[in-house]
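Participant: Pasting a structure here, questions to come.
The values are calculated or read from the model by the stated rules, or taken from the named source; none is laboratory data. From a predicted model like this one, the values you see are computed outputs, not experimental measurements. Here the Cβ positions follow ideal geometry from the backbone for every residue, glycine too, while neighbour counts run over all protein chains shown. Accessible surface areas use protein heavy atoms only, side chains included; no ligands, DNA or RNA. Shrake-Rupley method; radii C 1.70, N 1.55, O 1.52, S 1.80 Å.
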Amino acid sequence: MRNVRAWRNFTLGLAATGLIGGCTLFTEDMAQILQVKNPVIEARKKIMRGLGGNMKLIKTALQAGGGVGPLRQIKWRADDIAKLARKIPPAFEKQTLGGKTTATLKIWQTKTEFDQIAGNLVLSAQLLASAAADGDISGVKNGVKTVGANCGKCHKAYRVKKKKKKKK
């Protein structure tokens with residue numbers, strides 16, 4: 001009788017493990033099919049939105065002129081871009097395309113180059129922050145162009161191309 005109970009408990013445990021494992025796989029597959037928000041992709045989007053938001057604020061501060069306030073804002077925003085850019089390679093460690101994303105498979109196929117572009121973004125943001133701290137308007141303008149170019153490299157190579165809207 002004891003052996004029967006032991007085998008029954010073992011079998012139930014094994015079945016429960018299989019069921020839980022199957023549900024986990026099922027949820028990831030369903031997330032891809034239903035385009036449910038994937039936490040990994042949402043974390044990536046948060047980084048990218050932060051980068052874009054900081055670039056917009058830098059451009060606004062640059063248009064305001066070269067006073068102490070705008071240059072301080074540019075430095076802070078550039079420092080934040082460098083901080084966020086450091087998070088890009090780890091955010092793309094796991095190949096996840098399930099859900100709503102504009103990332104392409106090329107990221108993981110050429111991960112070294114992708115990580116290098118992120119590294120270049122960190123360096124260019126640090127140079128921009130340094131130029132802003134020094135009050136070097138010319139350096140700031142060049143730095144903004146360089147940071148933007150590094151963002152563009154990644155968008156061009158690793159993001160799904162946006163569909164052009166047809167004019168009626």
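Participant: Give segment 129-168 a look and list any residue that's part of a loop (DSSP other than H, G, I, E, B) and closer than 28 Å to K106 by Cβ, or say none. Explain how you work it out, then say what you get.
Facilitator: Within segment 129-168, the first condition is being part of a loop (DSSP other than H, G, I, E, B), and the residues that meet it are 135-136, 160-168.
Within segment 129-168, V160, K161, K162, K163, K164, K165, K166 qualify.
Participant: What residue, among those in segment 78-93 that are under 13 Å from the mean Cα position of the chain (by Cα), open to solvent by 30 Å² or more (accessible area, probe 1.4 Å) and in contact (Cβ under 8 Å) with a residue 12 or more places away in the chain, is farthest from L121 (Cα to Cα)?
Facilitator: K87
Participant: Continuing with the same structure: Hey, does segment 10-32 have a residue that's among the polar types (S, T, N, Q), at pLDDT 65 or above, part of a helix (DSSP H, G or I) and crowded, with 18+ Cβ neighbours inside 10 Å? Give the derivation first.
Facilitator: Restricting attention to segment 10-32, the residues satisfying the condition of being among the polar types (S, T, N, Q) are 11, 17, 24, 27, 32.
Restricting the remaining residues to those that are at pLDDT 65 or above gives 11, 17.
Now narrow it down to the ones that are part of a helix (DSSP H, G or I): 11, 17.
Still in the running and crowded, with 18+ Cβ neighbours inside 10 Å: none.
The answer is no; no qualifying residue exists.
Participant: Oh, and also: Can you find a residue in segment 99-108 that is open to solvent by less than 20 Å² (accessible area, probe 1.4 Å), without any contact (Cβ under 8 Å) to a residue 60 or more places away in the chain and in a helix (DSSP H, G or I)?
Facilitator: Yes, some residue in segment 99-108 is open to solvent by less than 20 Å² (accessible area, probe 1.4 Å), without any contact (Cβ under 8 Å) to a residue 60 or more places away in the chain and in a helix (DSSP H, G or I).
Participant: Restrict the check to segment 119-131 and report whether at least one residue is small (G, A, S), open to solvent by 20 Å² or more (accessible area, probe 1.4 Å) and more than 23 Å from the chain's Cα centre (by Cα).
Facilitator: So in segment 119-131, the residues small (G, A, S) come out as 119, 124-125, 129-131.
After this cut, where a residue has to be open to solvent by 20 Å² or more (accessible area, probe 1.4 Å) as well, the list is 119, 130.
Those still in the list that are more than 23 Å from the chain's Cα centre (by Cα) too: 130.
Yes, some residue in segment 119-131 is small (G, A, S), open to solvent by 20 Å² or more (accessible area, probe 1.4 Å) and more than 23 Å from the chain's Cα centre (by Cα).
Participant: List pairs: first in segment 118-138 and under 15 Å from C151 (Cβ atoms), second part of a helix (DSSP H, G or I) and among the basic types (K, R), Cβ under 6 Å, 6+ apart or cross-chain?
Facilitator: V122/R86
Participant: Another one. So which residues in segment 53-77 are polar (S, T, N, Q) and buried (at least 17 other Cβ atoms within 10 Å of the Cβ)?
Facilitator: Quick first cut of segment 53-77, residues polar (S, T, N, Q) only: 54, 60, 63, 73.
Hits for segment 53-77 are N54, Q73.
Per-residue answers, yes or no, for (1) under 17 Å from C154 (Cα atoms); (2) of a type in the set (D, E, K, R):
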{"position": "L62", "(1), (2)": "no, no"}
{"position": "L71", "(1), (2)": "no, no"}
{"position": "K75", "(1), (2)": "no, yes"}
{"position": "D80", "(1), (2)": "no, yes"}
{"position": "Q95", "(1), (2)": "yes, no"}
{"position": "L105", "(1), (2)": "yes, no"}
{"position": "T110", "(1), (2)": "yes, no"}
{"position": "G119", "(1), (2)": "yes, no"}
{"position": "L127", "(1), (2)": "no, no"}
